[in-house]
Amino acid sequence: MKYVFIKVFLITLMLLSFSCSPEDGKNGLDGVDGIDGITNGLGTLILTGDITNEDAVKIIEEGVGEDTHTIVVSNTTNVTTLDLSRISVLAKLEVIGNEKLENLNLSNLKSILDEGIIRANNTLTAINLENLTVIENLRVSENNILPLISLPKLLSNAKNLYFFQNPLLENLSIPSLTQARTLFIANLYNLTSIDINTLENVSSLTIRENKKLTTINLANLVNAFRIKINDNDMIKSITFSNLERVTSNIDIKEDLLEVVEFSKLTTFPTLNIDSTVLLTTVDFPLAQDFSRLQLNSSGKLSTGAIDQVITTLVNITPSITETVISISGIASAQALIDTETLRTNGNTVNITE
């Protein structure tokens, strides 16, 4: 019954799109008796219910055209393969809650001008977005066996990118992305690698609860508004080789974290690092402008790491003033001397063993 309803609905829309041209069959813009049929496609195409693969092919052939701006594939129960390779530009794409969908082919899609949502497709194993270059908002979530997300041509037009709760996802690859407003990577329990090495500017970066991720190295990131990295159970090293400025806070909280390197970081209001094991390296040699440094990690800093931090701070020119610095660990004699210099200059420094 669902399929009959959909077909009637589609046919009704198709009939409404016919023109009243007196020239029968001209350029597909003909009357009801014409041979070419539909004009440039339906504006919104909806596939749902118990349609089959064959039904989906026919609906797409009859309904997709230059005027198609929205495609919704929702709660289908029999579709296993969906070929939307005819589409190059959309305003909106929704692929949600499809029970048996395994393969989604969007190989010629270049632009999604508003939003793309691919969510809760329990058998989805492949998404082809190999030519997508422009998108406003993308959410890929709750696809239980999806192993890979690859957006090889996505450039700097992305605003909000959310990837979360895809439990078997092993690799996230966006190798051409240079700018994004939001990049949210979370609850990807099998994720072992992130390839976003061209990213230069991001407003909000969140990487959390990815249980198998061992390192984070966003080598070309220069500017960010906020960075939050937490509860990635196997993370031992975090490196931002070219990060220079963070407008808001940097918050890092990890169980096994040993090494944090910010080789070019100059400006940040607050840097908060907490690990449950000994931090052996905390490096930000170019720090100049900050308000609060919180390194009172539960696992403490090694004496060498404290020396590294205090030496950096006491040698900043011009001398820093009115900052708050908290460190946990055993400081060397020289670090204690340098700490007094920092206090004399008007900074609040607490080192607790």
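Residues whose amide H lies under 5 Å from that of LEU101, counting only those 5 or more places away or on a different chain, are THR123; hydrogens are built 1.01 Å from N in the peptide plane. Amide hydrogen proximity for LEU47: with H placed 1.01 Å from N in the peptide plane, the residues at 5 or more positions away or on another chain lying under 5 Å are VAL72, VAL73, SER74. Could you give log10 I(q)/I(0) at q = 0.15 Å⁻¹ for region 206-307, computed by the Debye formula over C-alpha point scatterers of equal weight, without solvent? Evaluating at q = 0.15 Å⁻¹ gives log10 I(q)/I(0) of -0.54. Taking a sphere under 12 Å around the Cβ of VAL57 and counting the other residues whose Cβ falls inside, with K and R at +1 and D and E at -1, yields a net charge of -3. Gyration tensor analysis over the Cα atoms of the chain returns equivalent ellipsoid semi-axes of 55, 20, 13 Å (largest first, whole Å). Across the chain, C-alpha contacts under 8 Å between residues 6 or more apart give a mean separation that, scaled by the residue count, equals a relative contact order of 6 percent.
Ignoring aspartates and glutamates fewer than eight residues from LYS211 along the same chain, the ones with Cα atoms less than 20 angstrom from its Cα are GLU142, GLU170, ASP195, ASP231, ASP233, ASP251, GLU254, ASP255, GLU258, ASP274. Per-residue ellipticity at 222 nm computed for the chain from its helices equals -4500 deg cm²/dmol, with DSSP H segments shorter than 4 residues left out and the rest contributing -39,500 (n - 2.57).
Over all other residues within a Cβ to Cβ distance under 14 Å of SER173, the charged ones net out to -2, with Lys and Arg as +1 and Asp and Glu as -1. 3J(HN,Hα) couplings calculated from phi for region 279-291 with the Karplus curve 6.51 cos²θ - 1.76 cosθ + 1.60 (θ = phi - 60°) are, in sequence order, 7, 9, 9, 9, 10, 9, x, 10, 4, 10, 10, 7, 10 Hz; Gly and Pro show x. Centre-to-centre, using Cα atoms only, region 324-353 and region 208-265 are separated by 25 Å. When the Cα positions of VAL73, LEU124, ILE273 are compared along the charge dipole of the chain, ILE273 comes out farthest toward the positive end, with charges on each C-beta of Lys, Arg, Asp and Glu.
Of the cross-linked pairs LYS58/LYS110; LYS100/LYS212; LYS92/LYS159, those separated by over 25 Å at the C-alpha level are LYS100/LYS212. Label separation (VAL277 vs ASN53): 4.7 nm, computed from points 7 Å beyond Cα along the C-beta direction.
The apolar share of the surface of the chain, taken as the fraction of accessible area on carbon and sulfur atoms (1.4 Å probe, ligands and nucleic acids excluded), comes to 50 percent. The phi torsions of region 176-181, fed into the Karplus equation with coefficients 6.51, -1.76 and 1.60 and a -60° offset, translate into couplings of 10, 5, 10, 9, 7, 7 Hz, rounded to whole numbers, with Gly and Pro shown as x.
Applying 1/(1 + (r/R0)^6) with R0 = 22 Å to the Cβ-Cβ distance of ASN230 and LEU168 gives a FRET efficiency near 0.50. Only Cα pairs under 8 Å and 6+ residues apart enter the sum, and on that basis the relative contact order of region 63-110 stands at 45 percent. Taking label positions 7 Å along the Cα-Cβ direction at both GLU340 and LEU155, the computed distance is 6.0 nm, reported to one decimal. Taken along the Cα-to-beta-carbon direction at a fixed 7 Å, the label points for THR70 and ARG86 span 2.0 nm.
So if each residue of separation counts as 0.36 nm, and I subtract the Cα-Cα distance between VAL222 and GLU61, what length gain in nm does that give?
Difference between extended and current length: 53.4 nm.
Only one residue of LEU191, SER241, ASN347 has its Cα farthest out toward the positive end of the dipole of the chain, where Lys and Arg carry +1 and Asp and Glu -1 on Cβ, and that residue is ASN347.
Membrane-span-like helices in the chain (whole DSSP H runs, Cα extent of at least 18 Å along the helix axis, mean Kyte-Doolittle hydropathy of at least 1.6): 2-16. In this structure the amide hydrogen of ALA219, modeled in the peptide plane, comes within under 5 Å of no amide hydrogen from residues 5 or more places off or on another chain. The residues of the chain present an accessible area of 44 Å² per residue when probed at 1.4 Å with all protein chains retained.
Evaluated with a Cβ-only charge set (Lys, Arg +1; Asp, Glu -1), the chain carries a dipole of roughly 660 debye about its Cα centre, given to the nearest 20.
Across region 43-94, the volume of the C-alpha convex hull divided among the residues equals 66 Å³ per residue.
The values are calculated or read from the model by the stated rules, or taken from the named source; none is laboratory data. As the structure is a prediction and not an experimental result, all values here were calculated from the model. Because the Cβ atoms are built from the backbone with ideal geometry, glycine has one as well, and the counts that use them run over all protein chains shown. Each accessible area value is taken on the protein alone, full model and side chains, heavy atoms only, with ligands, DNA and RNA left out. Shrake-Rupley method; radii C 1.70, N 1.55, O 1.52, S 1.80 Å.
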